[in-house]
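**Q** Can you read through this structure? Questions will come right after.
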Amino acid sequence: MVNVRLFAAAADAAGTDALAVNAASTGELCDALRTQFGAEFSQVLAQCSLLVAGTRVAPCVAGSDADVPLGANVTVDVLPPFAGG
């Protein structure tokens, strides 16, 4: 299982700030999140950065998801763009 933490607009669109997802790669994770949370969440997800165990990886972009392998119990943070300084 992958531990997913959602922040700001991603958490709002999903209605939760954390969940566990069965996924072996970021591509599988992105597909699972899109399926579970629908179109509004998918639009937000397309704008988000992903951190896998604290390391930035390619974002979720439908049709071209990078396929970064995910280990068991890894944490993936879904971070929408932040404004401010």
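**Q** What residue, among those in the range 1-41 that are at pLDDT below 95 and hydroxyl-bearing (Ser, Thr, Tyr), is surrounded by the fewest Cβ atoms within 10 Å (Cβ to Cβ)?
**A** In this case the residue turns out to be Ser25.
**Q** In the range 6-21, what count of residues is obtained for those that are out of contact with any strand residue (DSSP E or B) (no Cβ under 7 Å at 6 or more places or on another chain), more than 19 Å from Gly54 (Cα to Cα) and free of Cβ contacts under 8 Å to residues at least 40 places away in the same chain?
**A** Initial filter on the range 6-21 (out of contact with any strand residue (DSSP E or B) (no Cβ under 7 Å at 6 or more places or on another chain)): 8-9, 11-13, 15.
Restricting the remaining residues to those that are more than 19 Å from Gly54 (Cα to Cα) gives 9, 12-13, 15.
Still in the running and free of Cβ contacts under 8 Å to residues at least 40 places away in the same chain: 12-13, 15.
Counting residues in the range 6-21 that are out of contact with any strand residue (DSSP E or B) (no Cβ under 7 Å at 6 or more places or on another chain), more than 19 Å from Gly54 (Cα to Cα) and free of Cβ contacts under 8 Å to residues at least 40 places away in the same chain gives 3.
The values are calculated or read from the model by the stated rules, or taken from the named source; none is laboratory data. The model shown is predicted, which means the values in this text are computed figures rather than measured ones. Ideal geometry is used to build each Cβ from the backbone, glycine not excepted, and the neighbour counts take in all protein chains shown.
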